[in-house]
Structures are given as structure tokens and as C-alpha cells.
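Single-structure report; data block below.
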Amino acid sequence: MAAAGRTRRAAALLSPWWLRAPCRAYGAAAGAGGGRGGGRLLLGAAFALGGGAGLYLAARQRLREHSAAELPAGSLQLTLYQYKTCPFCSKVRAFLDYHGLPYEIVEVNPIMRKEIKFSSYRKVPILLANAGSPLQLNDSSVIISAIKTYLISKRNSLEEIVSFYPPMKTVSEQGKEVFEYGNKYWLMLDEKETKRIYPVKEVRVEEMKWRKWADDWLVHLISPNVYRTPREALASFDYIVREGKFGTMEGLFAKYVGAIAMFFVSKRLKKRHHLQDDVREDLYEAVNEWVKAVGKHRLFMGGNQPNLADLAVYGVLRVMEGLEAFDDMMVHTKIQPWYERMEEAIQKAAVAF
């Protein structure tokens, strides 16, 4: 499907840096809102755009069952709490859709976040999974690794699998305590399962490397590109307001004040990540690096079918669809054939299930 033929969608997001210094970033933006109430509105808008990069504290919550069903006779029930335009939520959706896993979606209001009041963890994505006992899974990469392990291996319960991804306390660059998952890109498989999924060691190493690359580098390039100019910033916020769960006044505030604030924040991101004066060049170089890694003789990095690295990169890039940055990327890089194959693969999976 050509880019011109796609439904116009805009998206904006914030990189993992926002997790490392959320108060600093949002504080600067909130100042433009003038006052505590305005700051809260802008904070919510910003969370809706990028909300919820990765370092999540794993938590377990006893919750009522939900109606999504998968595997034999509904053995896995899934509910995804999300902001539609969050790239990390998009990664999870791409994974679930490709694997034919039915799930309910709960769109979270980014201001009040009442939908996730049950959780002490206040970011998205949150996945509630019930495979005999209800669990709450946080962090997009942990969610994907844990569910993928569960689909492959029948030796352990989902609860046991989640326990293999314990949070580890560390200190951020700003001196704040945060939680990281050192093994979040691993699938917890035995030797026989590993050989079946990864016939050679290099296949597993490659997949993990590029999943991490998507989280640690690719997402850093999106915000400076989608907020590159005031016009692009306004287009990004226009979409998030239309697609997100905002009230009328919340949406108006987020659209206009948020666009202005994030235009300036994007300049800080550009400096922090040492990007070129023309941030498009960094985006082009990154996606061409990905295409080169896939190579000319593979449809996907996973071979004839996408692997978890393919799904991660696709999930991140997808949130730019409809923006000028996305169209420029399609014209000035070699990503389009792979991207269209990804779209087709996920659509076929949806039809098959």
C-alpha cells in the first residue's frame, strides 16, 4: 500500500529520555501553560503523545477477568491500557496483532488517568493478562518477551515467566532512582525451544540487538522530527487530540499550548542526543541502517516472516504515519518496501485469526 493511499494519520511521541527526566521536561512545558491547572493539562497531552517509555516496575494485581480469548478455549485473556499514539503501545499492538491474539483496548484519559486507577504504576502500556491467574505486565519490551515466551513454551505458567523479568533498581543520569530490566529482550526458553526458534546463535543476538536499538536510538529521533517546526508540531497535536481521550477544553489546550511547548522541547532533545542541524538526516540514516541490516536477500530480519525486531521497528515508525516526517522518510530512504511488507504481514495475520 503506497503512502499516498494510506489513511492520513498523524502521531507524536517522546523518547525514553522523558522517562529519565520527566519532571524537567514536563516542567518546562507546563510553564508555558501558566499555572498548576494548565501544567497538568499539558502534562497529560505530552503523556498521550509519547507517554510511557520503558522502565517499568513489574507489578501484580488481582483484577476481574476480561473477555478477550486466545489459545485453547480462551486460556489467555488480554486487556491493553494505552494511549493510541504512544509508540510503545504501538509496539505492543503490532506484536499482538501479528500473533493473532485478541485483546480489549482501554483508551486512557491522559489528564485524569482514571482508567488505570487500580494500578500503582501510572504509565502505559499496561497489559492485564489472565492465563489462569490475573497479572499486570508493564514495559513494552517485557510485555512482548513474556507473552512470546508463553506462546512458545508450555512448561511454565505466565506468572512464572513474568517472574523471570525482575525489576532492578538503578540511578539515572539525573541521579534519580529508576527501575530497569536487564534481560527484557530475552525469551526464556529451554535449549530445545531455543534451537527451534533460533537455529543459530547469531539469529537471536541479531534480534535482541535491533529490539534494543529501536528502544534506545530510533525513538529518540521521532520527537525532533515530528515537532521540527511549529506547523509540524501543531499537526502532531491535532491528531493526538482527535484520537485521544480528551475533554473539549483539555483538547483545545493540549493542541495549541502543547504544540508550542513541544516545538521548543524538541530543540532540547536535538541537543541532548547530538543530532544534526537537519534532524531529518538522522532519521534517514537510522532507517537506512535498519534496511541495510535486513539486507537484500531477506523479506524481513526474521527471514520470510517478521521477528520481534521487525515488529518493534515497525511499531515505532508507524506512529508517524500521516505526518510530513513520515512522507519524507518514505521518499528519501529505502524503507518503503520493507514497511509495506510489514503492513501486509500484519493484515494477513488479522484475517487468518
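The values are calculated or read from the model by the stated rules, or taken from the named source; none is laboratory data. The model shown is predicted, which means the values in this text are computed figures rather than measured ones. Methodologically, a virtual Cβ is constructed for each residue, glycine included, from the backbone with ideal geometry; neighbour enumeration extends over all protein chains shown. Areas reflect the complete protein model, heavy atoms only, side chains present, ligands, DNA and RNA absent. Shrake-Rupley method; radii C 1.70, N 1.55, O 1.52, S 1.80 Å.
Things worth noting here:
- Centroid-to-centroid separation of region 130-160 and region 256-279 [C-alpha atoms, Å]: 37
- Listed peptides 224-231, 91-98, 155-162 by packing density, highest first (mean Cβ within 10 Å): 91-98, 224-231, 155-162
- For the pair THR170 and LYS154 in one chain, pulling the backbone fully straight at 0.36 nm per residue adds 2.5 nm over the alpha carbon distance.
- Extended-chain gain in nm, criterion 0.36 nm per residue less alpha-carbon gap, MET112 and LYS348: 81.3 nm
- Built amide H within the under 5 Å cut-off of VAL106, gap 5+: LEU80, TYR81, GLN82
- Rounded to two decimals, the Cα radius of gyration of region 178-297 over 2.2 N^0.38 Å is 1.42.
- Near VAL200: Cβ cut-off under 13 Å, other residues only, Lys/Arg at +1 and Asp/Glu at -1. The net charge is +1.
- Region 218-352: C-alpha gyration tensor shape, a/c 1.5 cut-off, then a/b vs b/c: oblate
- The string of couplings for region 199-209 from the Karplus curve (6.51, -1.76, 1.60, θ = phi - 60°) is x, 10, 4, 4, 5, 5, 4, 5, 4, 5, 4 Hz, one whole number per residue in order, with x for Gly and Pro.
- Take each peptide in 241-251, 79-89, 261-271, 292-302, count the other Cβ atoms within 10 Å of every residue, and average; sorted highest first, the result is 79-89, 261-271, 241-251, 292-302.
- Heavy atoms of LEU323 accessible to a 1.4 Å probe, total area in Å² rounded to 10: 10
- Residue-wise HN-Hα coupling along region 230-235, computed from phi with Karplus coefficients 6.51, -1.76, 1.60 (Hz; x: Gly, Pro): x, 5, 5, 5, 5, 4
- Derived from the Cα gyration tensor, the three semi-axes of the equivalent ellipsoid of region 111-188 are 23, 18, 9 Å, largest first.
- HN-Hα J in Hz across region 144-161 - Karplus 6.51, -1.76, 1.60, θ = phi - 60°, x for Gly and Pro: 5, 5, 5, 5, 4, 4, 4, 5, 7, 9, 9, 7, 10, 6, 4, 4, 5, 5
- Per residue, the average separation of C-alpha pairs within less than 8 Å and at least 6 apart gives region 176-324 a relative contact order of 29 percent.
- For a modelled paramagnetic label at ARG272, 7 Å from Cα along Cα-to-Cβ, the residues of region 78-98 in reach, with backbone nitrogen under 19 Å, are 86-89.
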